[in-house]
Amino acid sequence: MKKYTIRDLQTQFPTNNACLDWLMKYFYPDGVSCKKCQKVTKHYRIKSRQSYSCDVCGNHVHPTADTIFHKSTTPLALWFYAIYLMTTTRAGISAKQLQRELGVTYKTAWRMFHQIRKMMSDDPTPLKGDVEVDETYIGGKGMNRRFVPSFSEKPKAVIMGMVQRGGKAKVRHVQSSGTRSLLPQIQKNVELNTQIYSDQWGAYETLPRLGYRHLSINHKETYVNYNIHTQNVENLWSHIKRGITGVYRHVDPKYLQAYVDEYAFRYSNRMSHQPMFLILMNRVQKD
Ligand SMILES: [Zn+2]
């Protein structure tokens, strides 16, 4: 993957105008078809506003209208820089760090942070091929333990991961590690007939009945089948947990899904030919 460097960012987006021009070309690659004139007309930038005007009738076009930048008073160049920071920092960056880097208020940084994160949720394409599934606990003592041993401890949050080998990852914050929480996620996110690998957690035993091929790791077997493992999803867990201890320290359960989406995004796009910054730039348009 070719790295998108800070120098690339400075060259491509040196000013707010450059950012706005980029959005204009992105949304109107073949020129703007004016709604009033009913044809493609020349449009001029209006200096005082983030808009362009039809040369013939004066109708306005706002390239930020359907994007996350809509109605934001933060300069576009700062937004682009924030997206750059959140996609190039290996372990992720907190809203607090974003505040410091951008020189904006915490409130603004926090808002930007969550807007950008929203773009990191996975696309609805189901996983196929060889898929590893696993679930883990987040928060509190004994982060990895499957059973919550005492009432004195805070309840831990459960996340479940599905990783296509050589492909994308999806992570979901689920209610519990029980069958009813885990299996519907697989049915929603993994194509039928897919080969699934898991550990021997009982919840996954019914997978063949649901139309999946299933192999679980048996540590007692004399002959080890090296293909049966969940190393990719475990690798993702270690990134997520390192992020919590290192960057975020604590994740509010309310934001846990967005948090794990960010890590799944990084994982899913690690081999992409397109730099993550540009992948995200292609998602600035709101649904
Ligand atoms: Zn016009």
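Restricting the stretch 1-41 to residues that are closer than 25 Å to Leu280 by Cβ and over 27 Å from the mean Cα position of the chain (by Cα) leaves a set whose member that is surrounded by the fewest Cβ atoms within 10 Å (Cβ to Cβ) is Asp30. Annotation: of all residues in the stretch 42-86 being of a type in the set (Val, Ile, Thr) and crowded, with 17+ Cβ neighbours inside 10 Å, the one that is farthest from the ligand (Cβ to nearest atom) is Ile83. Close contacts from the stretch 60-77, counting a first residue that is farther than 9 Å from Val284 by Cβ and a second that is of a type in the set (Ser, Thr, Tyr) and part of a loop (DSSP other than H, G, I, E, B), with Cβ to Cβ under 7 Å and a gap of 6+ residues or different chains, come to His70/Thr64; Ala77/Thr15.
The residue list Arg266, Arg283 contains one member that is part of a helix (DSSP H, G or I) and over 13 Å from Ile138 (Cβ atoms), which is Arg266.
Within the option set Ile228, Ile244, being free of Cβ contacts under 8 Å to residues at least 40 places away in the same chain and touching a Phe, Trp or Tyr at 6+ places or on another chain (Cβ under 9 Å) holds for one residue only, Ile228.
A short reminder: the numbers here are calculations on the coordinates, not readings from a lab. If you're wondering where the values come from, they're calculated on a predicted model, not measured in any experiment. Methodologically, a virtual Cβ is constructed for each residue, glycine included, from the backbone with ideal geometry; neighbour enumeration extends over all protein chains shown.
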